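Enquirer: I'd like to ask some things about the structure below.
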Amino acid sequence: MENIVRISIKLMLTLTLLMGSVANAAQSKIGILVFDGVLTSDVTAPIEVFGAATKKSWFSSYEVVVISTTKNKEVVSEEGLRIVADKTIYDPIDLDVLIVPSAYEMKPLLTNKDLINYIGNRSQSASWVASNCSGAFLLGEAGVLNGKKATTWAGGESDLLKNYPEIDVQFDQNVVIDKNVITSNGGPISYQAAFALLARLSSEKFAAEISQLIQFDRLKSAF
């Protein structure tokens with residue numbers, strides 16, 4: 001009888017481990033690209049919003065993954081923040097959401113064929129694609145925004161339209177949503193864009209819950 005009990009306990013432990021592995025494998029991943037010179041708030045805003053949401057039961061199936069655009073996982077932001085990515089664009093990973101940030105100097109990124117191909121390929125399989133600030137130019141280069149309404153950094157709309165005439169560029173709008181693509185001005189607006197995306201991945205109610213949790217909603221009375 002004792003041996004049967006021991007076997008049953010072992011089987012239960014094995015099943016628990018297997019179920020845990022399946023659950024982890026089934027997690028939906030929110031991938032945020034990073035690179036040297038990336039604007040800090042374009043990255044930290046969605047990390048804070050979605051990171052806080054993943055602690056809630058209603059969003060616990062999601063995981064935030066930071067992805068370097070080179071084989072070097074360590075990058076330094078424009079403002080000097082040192083970031084160590086979880087993955088690189090050369091690692092196999094399925095993404096439910098892809099978020100593309102920006103930099104002051106975009107040319108090296110726009111001419112990086114591996115990066116542009118990565119964005120193009122992931123955008124075809126991801127449920128949502130988002131960009132902050134001049135990250136819209138990377139989406140434009142990858143063809144993600146063709147035929148869609150989109151925006152970029154405030155003041156950069158004309159350049160986006162000039163370089164990618166197939167985009168229906170929207171002027172003087174903080175956040176633009178067209179089908180499964182969200183673009184924003186970036187900077188502090190990256191928070192607004194992250195909450196807009198969170199609302200669509202969960203609900204307006206849950207997005208408001210996180211806004212209150214990180215006290216973002218208090219900004220409404222600050223101006």
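Enquirer: Would you please list the contacts, defined by Cβ atoms under 7 Å and residues six or more apart or on different chains, that run from a residue in the range 57-82 that is more than 19 Å from Gly31 (Cβ to Cβ) and at pLDDT 95 or above to a residue that is polar (S, T, N, Q) and not in a loop (DSSP other than H, G, I, E, B)?
Expert: Hits for this filter: Glu78/Thr40; Glu79/Thr40.
Enquirer: Quick one: Gln173 ticks every box in (1) in a loop (DSSP other than H, G, I, E, B); (2) surrounded by fewer than 15 Cβ atoms within 10 Å (Cβ to Cβ); (3) polar (S, T, N, Q) except a single one, so which number is it?
Expert: All conditions are met except number (2).
Enquirer: Could you please give the count of residues in the range 63-101 that are over 25 Å from Gly140 (Cα atoms) and either in contact with a Gly (Cβ under 7 Å, 6 or more places away or on another chain) or crowded, with 20+ Cβ neighbours inside 10 Å (or both)?
Expert: Summing the residues that are over 25 Å from Gly140 (Cα atoms) and either in contact with a Gly (Cβ under 7 Å, 6 or more places away or on another chain) or crowded, with 20+ Cβ neighbours inside 10 Å (or both) in the range 63-101 gives 1.
Enquirer: Just give me the residues in the range 23-66 being under 21 Å from Ser203 (Cα atoms), of a type outside the set (Phe, Trp, Tyr) and in a helix (DSSP H, G or I), in sequence order.
Expert: Ala45, Pro46, Ile47, Glu48, Val49, Gly51, Ala52, Ala53, Ser57 - these are the residues of the range 23-66 that are under 21 Å from Ser203 (Cα atoms), of a type outside the set (Phe, Trp, Tyr) and in a helix (DSSP H, G or I).
Enquirer: Still on this structure, please answer the following. Quickly run through the range 67-83 and pick out the residues that are of a type in the set (S, T, N, Q) and assigned to a loop (DSSP other than H, G, I, E, B). If you could, list the steps in order and put the result at the bottom.
Expert: Just the residues of the range 67-83 that are of a type in the set (S, T, N, Q), to begin with: 68-70, 72, 77.
Listed by number, the residues that qualify are Thr69, Thr70, Asn72, Ser77.
Enquirer: Note down all Cβ pairs under 7 Å where the first residue falls in the range 121-135 and is at positive phi, the second is at pLDDT 95 or above and part of a helix (DSSP H, G or I), and they're at least six residues apart or on different chains.
Expert: Close Cβ pairs (under 7 Å, with a partner that is at pLDDT 95 or above and part of a helix (DSSP H, G or I)) amount to Cys133/Asp42.
Enquirer: Count, please, the residues in the range 181-208 that happen to be within 13 Å of the chain's Cα centre (by Cα) and in a loop (DSSP other than H, G, I, E, B).
Expert: So the answer is 1.
Enquirer: Check off (1) of a type outside the set (D, E, K, R); (2) without any contact (Cβ under 8 Å) to a residue 12 or more places away in the chain; (3) part of a helix (DSSP H, G or I) for Ser211 and give me the number that stays unchecked.
Expert: For Ser211, the failing item is (2).
The values are calculated or read from the model by the stated rules, or taken from the named source; none is laboratory data. Bear in mind that the values here come from a model prediction, so they are computed numbers and not experimental data. Don't worry about glycine lacking a Cβ; one is built from the backbone with ideal geometry, like all the others, and counts go over all protein chains shown.
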